[in-house]
Amino acid sequence: MIRDLFNAVTGTHVIPNESRLFEFPRYSFEVKRVLRQWEAAARADGASLIVEKTPQQVFHLQRIWQWLPNAKILGVVRDPRDVVASMLGRGRTVDAAVSRWCRAGEILKRVASDGRCRIMRYEDLVADPQQLMSELASFVGSEVHEALPQVRTRVEALAASGLESEPVRADHDNFRE
């Protein structure tokens, strides 16, 4: 869903898959090569902004800002019960999932006042994507184009059907601590 929403922001090129580019120390030539590929793809789309969606990048913000000092970071914070449910589906333990969620939250709190960082709740985005996308477009210096209502319709259809294309949700009424 995040990918779809950013495709509705004028002038953005969304990297189709999680790159994990900054997750591991890499040779500078490799990072430069990937960044050049992203820039070329963005130019081919007529875009000036590149959006990369890898949640693990939160643990590597300093490395990102080292390579891309003007990079804007969007920290999406979800209900921890949903995060744990999602991570359990990927083979993580409850303790590992909770620990990861807490560490990510601590990092986002530390960088929240940095003008290059914006933090939002995932649940707010789902509830009112139009409002939050307008705010985010302003944050990155762009605007939302006419495709956003179609994204809103898709979000509502997924919610009505009970199907999730992306995140797993916990049964909050029966969630055990």
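If you take every DSSP beta bridge whose two residues both sit in the stretch 2-152, what share of them, in percent to the nearest 5, is antiparallel? Don't skip to the end; give the middle numbers.
Working: 1 of 9 bridges.
Beta bridges within the stretch 2-152, antiparallel portion: roughly 10 percent.
Give me the net charge of LEU49's neighbourhood, meaning all other residues with Cβ under 15 Å from the Cβ of LEU49; Lys, Arg count +1, Asp, Glu -1. Mind dumping the intermediate values first?
Working: positive: ARG3, ARG43, LYS53, LYS72, ARG116, ARG118; negative: GLU39, ASP45, GLU52, GLU143.
Taking every Cβ under 15 Å from that of LEU49, the sum is +2.
What order do you get for 73-85, 108-120 when each peptide is scored by the mean count of other beta carbon atoms within 10 Å, highest first?
Values: 73-85: 18.5, 108-120: 13.4.
My ranking of the peptides, most packed first, is 73-85, 108-120.
List the residues whose amide H sits under 5 Å from the amide H of HIS13, counting only those 5 or more places along or on another chain, with H placed 1.01 Å from N in the peptide plane.
LEU49, ILE50, VAL51
As a footprinting exposure proxy, order PHE139, PHE22, PHE29 by other Cβ within 10 Å, with the fewest listed first. Intermediate results must be reported in sequence, preceding the final value.
Working: PHE139 15, PHE22 24, PHE29 8.
With the sparsest Cβ surroundings first, the list reads PHE29, PHE139, PHE22.
So how far apart, in nm, are the two label points at GLN62 and SER19 if each is 7 Å from Cα heading toward Cβ?
Modelled inter-label distance: 2.1 nm.
Counting each pair of different Cα atoms once, what's the Kirkwood radius of the stretch 2-117 in Å, rounded to one decimal? Mind dumping the intermediate values first?
Numbers: mean 1/r = 0.0642 Å⁻¹.
Evaluated on the stretch 2-117, it is 15.6 Å.
Taken together, the values in this text are just the output of simple stated rules run on the coordinates, not laboratory data. Only a predicted model underlies this, so the values are computations on that prediction, with no experimental measurement involved. FYI the Cβ positions are ideal-geometry reconstructions off the backbone, even for glycines, and counts take in every protein chain you see.
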